[in-house]
Amino acid sequence: MRNQYKTYPLIITNIESQNALVKVFTLMPEDRKNIKCATDEKKIIKCWVPGQFISISIPGFGEAPFAICSSPNPCNEFQICVQKKGGLTSKFFSMSVGDEIDFRGPYGNGFPISKLSKRNLLLIAGGLGLAPLRPLIQIIANHAAEFGKVQLFGGSREEKMMLFKNEYGAWRKNIELNLTLDIPNENWNGSTGLVTALFDKIPISKNAIAIICGPPVMFPAVIKKIKKKGMAEKNIYLLLERRMHCGVGICQHCVLVNGKYVCKDGPVFNYAELKDSPGAI
Amino acid sequence: MTNSDLKLFVEFLLNKNYTIHSPVRKNGKIVIREITDSRKFSLIKERPLYSFKNFLLPDKKTLFSTTSDENKNGNDQKLIRKQVLFGITVFDLRAVSLLSQIFEKDPYFQDIISMTLFIGQSPIPEENSFYEKYEENILEHFKFDIFIESRGDQKDFRIFTGSKHGQKMLNEFGYDDFEHIEYAGAVPEEGLSDFHKKLKEKTKLSYGSKIWKDLGKKCLGCDKCTIVCPTCFCFKIYDENNIFNDSIARVRQWDSCFNSEFSEIAGGTKFLKTMEDRIYNWYSHKFVRIPDEYNLPGCVGCGRCADVCPAGINIKDEIFKIMKFKAKKPIAKMSKFKSKTLKKPRTKKLIYEKPI
Ligand code: SF4
Ligand code: SF4
Ligand code: FES
């Protein structure tokens, strides 16, 4: 019987510091076969779907789920974005290129890629929420003709907390980037305030599909705002974060009131699925 | 089979190197203990406060460890011993059926199950137990090897077998006066009973109602109910460092959804915030999620949770309240009807309620 908790080795092949608290790790499985493959109909994506997560472990420090933050092409390696918060992530920060860690997964359902084709997109990210959106952004950047108009609304606390800054130039070619900072510094010439405030200044495209990733506190305000701007509820998708232990729908840590498991049925949900589930957002 | 035959059978199993766990009376309480002396054995018919759960799903289990290579990839077969759960009641057999479904793909659980001989018995009704009427035909949905049936104070027990293994054991022991019951799968053909279907709908419907507000105020979140419950299986996985032999183990340990950090994520946000959230989550797991996912009731009605609850919460009474729950008419929504449909008053059909 296959052991669903068995982990497989990964080699750290690159570490890139985003800021004092966030680093991007590039990880390569020792054996490619150990990544379970998920393929969408259009074959744009192999190996994993943007929005899926992976369970990473360091022996002695336990396991934790991380969103995969790199596009699945190529799929012999992937990246995760780690924010220093607890024991496992602190240990992560002390590791170097060449060190070995473990993984299992990927798990969950990613963004509904087939539903996104030819559509206008509204990507909304708060803080670290930009990480799970990045693989989608990279796919859009390489397959612009497959999508309609794409807008990204991103909010960070301070400029030094902004993620993937050196990629914005490339993204802008195909994506309208609207960024805001809670606490701007003197060099900042973008918007200030919360991401919700951006919607009062910048019109959103008609008939778009919205994907929201960010801290739990952000969801209600953003949803209220975009609904006011004409966004249909059925076109809103959210990526939820929950405590996870098993990753396969058994341990109960990630369950929502409506009986859905964030690990197995999510982490990406359509807003309609969550409306009957108080506390989900 | 008589009580003295049972003693001989215990002796027979001990000689076969089985570890036998069975209910015994200790300081007035019924507890499960290892039986090492067949002469002292007698079949206790009351259900023990703690179920057999931890003999199948140990409260703490090492998944991997760095101490030995073979252990790195899963179960260490050598560490699992042949065991007998002797005198497991129908409540607990029902719980085992459910756990076997939930942990169907779990090698740790399945390895233990494969080394376990289940000897069931019909229970005598307890004060707090409910909705389990013992009838012969429920046995076909339980995985057991041997079943001892006694009615009233009858001295000669009827014996059933539920597996080839059980038959083989009895034959070797030299007993052949048994009937065989063919296993018909955990889920009865008709699926959930009407009672459980209704309980499921009512539990969903009653979310946020006074039932849960009251329970939220009463419950202390002590987690005792989840420990004694034979169907509670939530767990956490974490790493344990042993500084004495410099080893690291990934362990799986029982967790309780009543623990305040159960739903907490890095950064401190909790999603089961209040006691009301937690107790609703507990009940809805048993009455809604498990029935939805496995087509089986999530509560076997043993009444153990009521026995241990320091706040005096009795699940039987709560089920009664939930079943009686009626949603208030959504008056607010009435105004949304177009006046057109309201203009012509419909002729009222008289419905006579059937006398109960
Ligand atoms: S919820 Fe209570 S009555 Fe139901 S199986 Fe668990 S302990 Fe027994
Ligand atoms: S035993 Fe009673 S008080 Fe304790 S957590 Fe369970 S319901 Fe609440
Ligand atoms: S992480 Fe265990 S059920 Fe979702």
Checking the condition at pLDDT below 90, of a type in the set (S, T, N, Q) and in contact with a helix residue (DSSP H, G or I) (Cβ under 6 Å, 6 or more places away or on another chain), which residue from A:19, A:34 passes? A:19
Assess whether residue B:57 counts as being surrounded by 19 or more Cβ atoms within 10 Å (Cβ to Cβ) and either charged (D, E, K, R) or modelled with pLDDT of 90 or more (or both). yes
Kindly establish whether residue A:127 is within 30 Å of residue A:227 (Cα to Cα) and within 13 Å of chain B (Cβ to nearest Cβ). yes
Of the candidates B:104, B:46, the one satisfying the condition of being outside any helix (DSSP H, G or I) and modelled with pLDDT of 90 or more is B:104
What's the total number of residues in the range B:281-309 that are of a type outside the set (Asp, Glu) and more than 16 Å from residue B:50 (Cα to Cα)? 16
Residue count for the range B:277-317, restricted to those that are aliphatic (A, V, I, L, M) and touching a Gly at 6+ places or on another chain (Cβ under 8 Å): 4
Could you count how many residues in the range B:1-29 are of a type in the set (D, E, K, R) and touching a Leu at 6+ places or on another chain (Cβ under 9 Å)? 1
Taking the conditions exactly as written (acidic (Asp, Glu), within 16 Å of ligand 1 (Cβ to nearest atom) and modelled with pLDDT of 90 or more), does residue B:223 satisfy them or not? yes
Counting only residues in the range B:219-239 that are of a type outside the set (Phe, Trp, Tyr) and out of contact with any Cys (no Cβ under 9 Å at 6 or more places or on another chain), the one nearest to the other protein chains (Cβ to nearest Cβ) is identified as B:239
Out of curiosity, is residue B:244 within 14 Å of chain A (Cβ to nearest Cβ) and either buried (at least 17 other Cβ atoms within 10 Å of the Cβ) or over 26 Å from the mean Cα position of the chain (by Cα) (or both)? no
Listed by range, strands (runs of 3 or more DSSP E) wholly within the range A:195-281 having at least 2 residues that are at the interface with chain B (Cβ under 9 Å from one of its Cβ atoms) are none
Residue match in the range B:273-281 (condition: more than 15 Å from ligand 2 (Cβ to nearest atom) and at pLDDT below 90): yes
Please list, ordered by first then second residue, the pairs with beta carbon atoms under 9 Å, 6 or more apart or interchain, first in the range B:252-274 and touching a residue at least 60 places away in the same chain (Cβ under 8 Å), second within 14 Å of ligand 2 (Cβ to nearest atom). B:254/B:226; B:254/B:227; B:254/B:232; B:254/B:234
Cβ pairs under 8 Å, 6+ apart, first in the range B:16-42 and surrounded by 11 or more Cβ atoms within 10 Å (Cβ to Cβ), second acidic (Asp, Glu): B:19/B:34; B:20/B:34; B:21/B:34; B:23/B:46; B:30/B:46; B:38/B:11
Any idea how many residues of the range B:307-328 are more than 9 Å from ligand 2 (Cβ to nearest atom) and assigned to a helix (DSSP H, G or I)? 10
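Residue-wise test of (1) in contact (Cβ under 8 Å) with a residue 24 or more places away in the chain; (2) in the same structural domain as residue A:144 (by TED's automatic domain parsing); (3) in contact with a Cys (Cβ under 7 Å, 6 or more places away or on another chain); (4) away from ligand 2 (no atom under 16 Å from the Cβ).
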{"site": "A:181", "(1), (2), (3), (4)": "yes, yes, no, yes"}
{"site": "A:197", "(1), (2), (3), (4)": "no, yes, no, yes"}
{"site": "A:210", "(1), (2), (3), (4)": "yes, yes, no, yes"}
{"site": "A:222", "(1), (2), (3), (4)": "yes, yes, no, yes"}
{"site": "A:232", "(1), (2), (3), (4)": "no, yes, no, yes"}
{"site": "A:257", "(1), (2), (3), (4)": "no, yes, no, yes"}
{"site": "A:261", "(1), (2), (3), (4)": "no, yes, yes, yes"}
{"site": "A:267", "(1), (2), (3), (4)": "yes, yes, no, yes"}
Looking only at the range B:253-279, filter to residues that are closer than 18 Å to residue A:262 by Cβ and of a type in the set (Ser, Thr, Tyr); which one of those is surrounded by the fewest Cβ atoms within 10 Å (Cβ to Cβ)? B:269
Unmet criterion (only one of (1) away from ligand 1 (no atom under 16 Å from the Cβ); (2) buried (at least 16 other Cβ atoms within 10 Å of the Cβ)) for residue A:252: (1)
Test: residue in the range A:95-106 that is surrounded by 21 or more Cβ atoms within 10 Å (Cβ to Cβ), away from every other protein chain (no Cβ under 14 Å), touching a strand residue (DSSP E or B) at 6+ places or on another chain (Cβ under 8 Å) and at pLDDT 90 or above: no
For the range B:290-311, how many residues meet the condition of being within 16 Å of ligand 3 (Cβ to nearest atom) and surrounded by fewer than 24 Cβ atoms within 10 Å (Cβ to Cβ)? 4
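Here's the yes/no breakdown for (1) at pLDDT below 90; (2) outside any strand (DSSP E or B); (3) within 16 Å of the chain's Cα centre (by Cα); (4) away from every other protein chain (no Cβ under 14 Å):
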{"position": "A:1", "(1), (2), (3), (4)": "yes, yes, no, no"}
{"position": "A:11", "(1), (2), (3), (4)": "no, no, no, yes"}
{"position": "A:23", "(1), (2), (3), (4)": "no, no, yes, yes"}
{"position": "A:27", "(1), (2), (3), (4)": "no, no, no, yes"}
{"position": "A:40", "(1), (2), (3), (4)": "yes, yes, no, yes"}
{"position": "A:50", "(1), (2), (3), (4)": "no, yes, yes, yes"}
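The values are calculated or read from the model by the stated rules, or taken from the named source; none is laboratory data. Since this is a predicted model, take the numbers as computed values, not measurements. A quick note on method: Cβ atoms are made from the backbone with ideal geometry, for glycine too, and the neighbour counts reach across all protein chains shown.
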